[in-house]
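Working notes for the structure below.
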Amino acid sequence: MRSYRSVSSVGPSGLLQDLGFLSFTLPQVEILMPTKKPRGGELSLEQELANQALHQRRLRIEHVNSSVKRCRIVKDRIRLWKEGVRDLVMELCCALHNFRVRLNPWLPMI
């Protein structure tokens, strides 16, 4: 039983958010955040399952981010100030990640 919307579903976008980015919002974007355990209480089974599902998705995203950062240019400070160059660098690094995944596929995305 999954309580989150599938990435391929039609509708508003979802943003996986944690306590570090509480003030970041976008119009027409659903915020998906884990439920915090109340002080002196417990989470219901449904809330625990929803938190676990969010955790699995976030973990997958973190692995993709670390794979993209194998390209050192993404980690280091980019001194290229020309319009669109930084975006192009990120797109190229993401393309290299996708190429690596196609050569050696991971498990299906959650």
* To do: Please label the shape of the stretch 16-56 as rounded, prolate or oblate, based on the square roots a ≥ b ≥ c of the eigenvalues of the alpha-carbon gyration tensor (a/c under 1.5 means rounded; beyond that, a/b larger than b/c means prolate, else oblate).
  => prolate
* Structure fact -> For Q52 and E30, extending 7 Å from Cα along the Cα-Cβ vector and measuring point to point gives, in nm, a value of 2.1
* Based on the Cβ-Cβ distance from E83 to L45, what FRET efficiency comes out when R0 is 41 Å, to the nearest 0.05? -> 0.20
* To do: Name the long-range amide H neighbours of G14: under 5 Å, sequence gap of 5 or more, or other chain; modelled H, no Pro or chain starts.
  => E30
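No lab work stands behind these numbers, since they all come straight from the coordinates. The model shown is predicted, which means the values in this text are computed figures rather than measured ones. All Cβ positions, even for glycine, are placed from backbone atoms using ideal geometry, and neighbour counts span all protein chains on display.
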